[in-house]
Amino acid sequence: MKADITKHATAIGWFGILAVAVFCIMWLACMAADDTWVWGANAISDFGVSDTDAADYFEYGCMVSGILLAAFGAGLALTSGPKTGLLAAGTFYALAGVCIIFIGQYDSDYNGGNAHSFFAWTAALLLLGAMIASAAQYWQCGKLALGGIAVTLFCIICACVLAFEFEKWEVWSAVVMLAWTAMVAGYQMTSHIKRGKSQ
Amino acid sequence: MKKPAIMNLGLGLGLLGGIVAVASLGIFYEDDDGTIATTGAYLLAACLYFALGGAFAKHGQWSSKVLAFMAFVTVGIIAGGTIAEYYDPRFGAVGTVIAVAIIVIGMTSGVKKYVDSERTIY
């Protein structure tokens, strides 16, 4: 019997939702463990070099959410069919997930912080690429509301990058990316449920 | 094809948004180091709103997809500018509501059909 991954498209969406949820829970747990962390004054990576339990939460949280994001990205790419934008988005999400694993492993003190910076910037650019690719695909498919939300979120990121210091625009960008990834995952689930019902 | 009445509302909201943006520039003006950037941001918002208003005119300049795109860009700039502290939060709230209303109007089927139809200038 030939395995058909499209039958599991809804489950693939769950990987994305869980990746976002795990990252959020990790972030909240780190904030609870390290009360010296200040929104807008500290980067998320500062949890990795914290003297509290936040360092462990950050390491393992990044690992788990990275694995989930990589699985989501791979599944999105495999179920994209003829939609090149979703193929690209899935590939970018998968690679970003791998980078996030290494962000947790190599904190910003490891070997001068070069490895951490590399994986952090790569993950950020890959997530941005995934956002643009998925939004372009949704726009092309006539899902103007979904594509438009991505346009709005992109403008928010640009405004924050222009106005704020790195630590502040980083956290805002992370929030935006989490929200967008959850939307893509949610749409992946609901669109395949609708398609399944009509077949 | 007859122009849907709701397009007049879209036109009115675009004009209102532009007027509110220019008025907010004056009301919330503060003389400090970032004045030029803040002034530019308010004027950008005004331009976008007036352009959106023009798109709902009888012989507007955009297709429905471009209209939707520009409306979402406007929401993004207003929301992003407010988060980035270029805009006063009160203008941000009013501006976002106006822009979202324009998006809703622009995405109704009647408006889309009219905007994408062959509109002859006599």
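Compare the peptides A:178-190, A:48-60 by average per-residue count of other Cβ atoms within 10 angstrom and give them in order, highest first.
On the way: A:178-190: 20.0, A:48-60: 18.2.
The packing order, highest mean first, is A:178-190, A:48-60.
What dipole magnitude, in Debye to the nearest 20, does the protein assembly as shown give about its Cα centre under +1 on Lys/Arg Cβ and -1 on Asp/Glu Cβ?
On the way: 16 positive and 21 negative charges, 572 e Å.
So the magnitude is around 2740 debye.
What is the P(r) of chain B, as percent of Cα-Cα pairs per 5 Å bin from 0?
For chain B, the pair-distance distribution reads 2, 13, 24, 22, 14, 11, 7, 4, 2, 1, 0.
Positive end of the dipole of the protein assembly as shown, charges at C-beta (+1 Lys, Arg; -1 Asp, Glu), about the Cα centre: which of A:62, A:162, B:22 has its Cα farthest in that direction?
Toward the positive end, the furthest listed residue is B:22.
For the stretch A:66-77, take each phi angle, set θ = phi - 60°, evaluate the Karplus expression 6.51 cos²θ - 1.76 cosθ + 1.60, and give the result in whole Hz per residue in order, putting x for glycine and proline.
x, 5, 5, 5, 5, 5, 4, x, 5, x, 4, 5
Compare the Cα positions of A:153, A:127, A:11 along the charge dipole of chain A (+1 at Cβ of Lys, Arg; -1 at Cβ of Asp, Glu; about the Cα centre) and return the one farthest towards the positive end.
A:11
Take the alpha-carbon centre of the stretch A:47-97, take the same for the stretch B:98-114, and report the distance between them in whole Å.
36
Just name one of B:97, B:69, B:55: the one whose Cα is farthest towards the positive end of the charge dipole of the stretch B:43-122 (beta-carbon charges, Lys/Arg +1, Asp/Glu -1).
My answer, from the dipole projection, is B:55.
Loop only per DSSP, at most 11 neighbouring Cβ atoms within 10 Å: give me the trypsin sites (Lys or Arg not before Pro) in the stretch B:1-89, ordered by residue number. Present the calculation step by step, with values, prior to reporting the outcome.
Numbers: sites: B:2, B:58, B:65; in loops: B:2, B:58.
In loop regions of the stretch B:1-89 (DSSP not H, G, I, E or B), the sparsely surrounded trypsin sites (Lys or Arg not before Pro) are B:2, B:58.
Helix-only mean residue ellipticity at 222 nm, chain B, DSSP H runs n ≥ 4 weighted -39,500 (n - 2.57), per residue, nearest 500. What is it?
Working: 5 runs with 89 residues, N = 122.
Estimated from H runs of four or more residues: -24500 deg cm²/dmol.
What residue among A:72, A:164, A:92 shows peak mean-square fluctuation when chain A is described by a Gaussian network model with Cα springs under 10 Å?
Looking only at A:72, A:164, A:92, the biggest GNM fluctuation is shown by A:164.
Charges only on Cβ, +1 for Lys and Arg, -1 for Asp and Glu: so what's the dipole of the stretch A:1-154 about the Cα centre, in debye to the nearest 20? Before the final figure, lay out each step's value.
Details: 4 positive and 10 negative charges, 238 e Å.
That gives a dipole near 1140 debye.
Arrange the residues A:117, A:45 by how much accessible surface each exposes, largest first, with a 1.4 angstrom probe.
Numbers: A:117 55, A:45 20 Å².
From most accessible down to least: A:117, A:45.
Specify the inter-centroid distance of the stretch A:104-169 and the stretch B:36-93, based on alpha-carbon positions, in whole Å.
Computed from Cα coordinates, the inter-centre distance equals 22 Å.
How long are the semi-axes of the equivalent ellipsoid of chain A, defined as square roots of 5 times the Cα gyration tensor eigenvalues? Whole Å, largest first. Please list the in-between numbers first.
Details: eigenvalues 185, 71, 39 Å².
Semi-axis lengths for chain A are 30, 19, 14 Å.
Regarding the stretch A:26-84, what whole-number volume in Å³ per residue does the convex hull of its Cα atoms give?
Numbers: hull volume 5.5 nm³, N = 59.
That works out to 94 Å³ per residue.
Please report Rg over Rh for the stretch B:52-122, where both radii come from the alpha carbon positions and Rh follows the Kirkwood definition. It would help to have the intermediate numbers written out before the result.
Details: Rg = 13.9 Å, Rh = 12.9 Å.
Reported Rg/Rh, Kirkwood definition of Rh: 1.08.
How large are Rg and Dmax for the stretch A:95-199 when only the alpha carbon atoms are used, in Å?
16.2, 56
What number, rounded to the nearest 500 deg cm²/dmol, is the helix-based mean residue ellipticity at 222 nm of chain A, given -39500 (n - 2.57) per DSSP H run of at least four residues and division by all its residues?
On the way: 6 runs with 152 residues, N = 199.
Helices in chain A give a 222 nm mean residue ellipticity of -27000 deg cm²/dmol.
Put a dot 7 Å past each Cα toward the Cβ at residue A:175 and residue B:36; how far apart are the dots in nm?
Output for this residue pair reads 3.0 nm.
Considering every residue in A:143-154, what mean count of other chain Cβ atoms within 10 Å of its Cβ is obtained?
Taking the mean over all residues of the peptide, I get 6.
The values are calculated or read from the model by the stated rules, or taken from the named source; none is laboratory data. These numbers were taken from a predicted model, which means no experiment stands behind them. Virtual Cβ from ideal backbone geometry, glycine too; neighbours counted across all protein chains shown. Ligands, DNA and RNA are excluded from the accessible area calculation, which covers all protein heavy atoms including side chains. Shrake-Rupley method; radii C 1.70, N 1.55, O 1.52, S 1.80 Å.
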